[in-house]
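One structure below.
The values are calculated or read from the model by the stated rules, or taken from the named source; none is laboratory data. Computed from a predicted model, the values in this text were never measured in an experiment. Cβ coordinates were reconstructed from backbone atoms using ideal geometry, including for glycine residues, and neighbour counts include every protein chain displayed. To get the accessible areas, we keep the full protein, side chains included, count just its heavy atoms, and leave off ligands, DNA and RNA. Shrake-Rupley method; radii C 1.70, N 1.55, O 1.52, S 1.80 Å.
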Amino acid sequence: QVQLVESGGGLVQSGGSLRLSCAASGSMFAINVMRWYRQPPGQERELVAAITSGGITNYPDSVKGRFTISRDNAKNTVYLQMDSLKPEDTAVYYCNVNTVYVDYWGKGTLVTVSS
């Protein structure tokens, strides 16, 4: 059974930094794209970063220049370095792992940015 375990969330002041991690374990097909999504309170889930198996990254304008996604293919782990955090970054952050046949989701980790 595949499990995604996220860590690194917490409370941080505006302007601060956090680093999220998501480790995938279990038997699965080769991982293609790894992504981070977030869901702010009362809002829909949105993509915040994506990285292909070859290291190509993609970010929405709202986090570009502040967030950095990276991955360790040997460890099936994806990271999200979040700098210059703003109160509007407050959300539950979810990792998503895409394989050829199925996507897997983590349970989420809460990030709260105080003003």
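Kindly evaluate Tyr79 against the criterion of being of a type in the set (Phe, Trp, Tyr), under 10 Å from Arg38 (Cβ atoms) and either out of contact with any His (no Cβ under 9 Å at 6 or more places or on another chain) or assigned to a helix (DSSP H, G or I) (or both). Taking the combined requirement at face value, the residue does not satisfy it. Candidates Thr90, Thr112: the one that is under 24 Å from Ser14 (Cα atoms), surrounded by 18 or more Cβ atoms within 10 Å (Cβ to Cβ) and of a type in the set (Val, Ile, Thr) is Thr90. Being surrounded by fewer than 17 Cβ atoms within 10 Å (Cβ to Cβ), of a type in the set (D, E, K, R) and in a strand (DSSP E or B), is that true of even one residue in segment 3-16? No.
Screening Ser53 against (1) modelled with pLDDT of 95 or more; (2) part of a loop (DSSP other than H, G, I, E, B) leaves a single unmet condition, (1). Applying a threshold of 8 Å to beta carbon distances and a minimum spacing of six or more residues, or different chains, the list of pairs starting in segment 54-78 at a residue that is closer than 20 Å to Met28 by Cα and ending at one that is open to solvent by 50 Å² or more (accessible area, probe 1.4 Å) and assigned to a loop (DSSP other than H, G, I, E, B) reads Asn73/Ser53. Apart from one condition, Asn98 fits all of (1) in contact (Cβ under 8 Å) with a residue 24 or more places away in the chain; (2) under 25 Å from Ser115 (Cα atoms); (3) open to solvent by 20 Å² or more (accessible area, probe 1.4 Å); the exception is (2).
When residues in segment 18-63 are screened for being closer than 17 Å to Lys86 by Cβ and under 14 Å from the mean Cα position of the chain (by Cα), 13 of them pass. Residues in segment 1-17 that are of a type outside the set (A, V, I, L, M), more than 22 Å from Ala74 (Cα to Cα) and more than 11 Å from the chain's Cα centre (by Cα): Gly10, Gln13, Ser14, Gly15, Gly16, Ser17. Would you point out the residue of segment 83-115, among those that are at pLDDT 95 or above and part of a loop (DSSP other than H, G, I, E, B), that is nearest to Ala23 (Cα to Cα)? Residue satisfying both the conditions and the ranking: Gly106.
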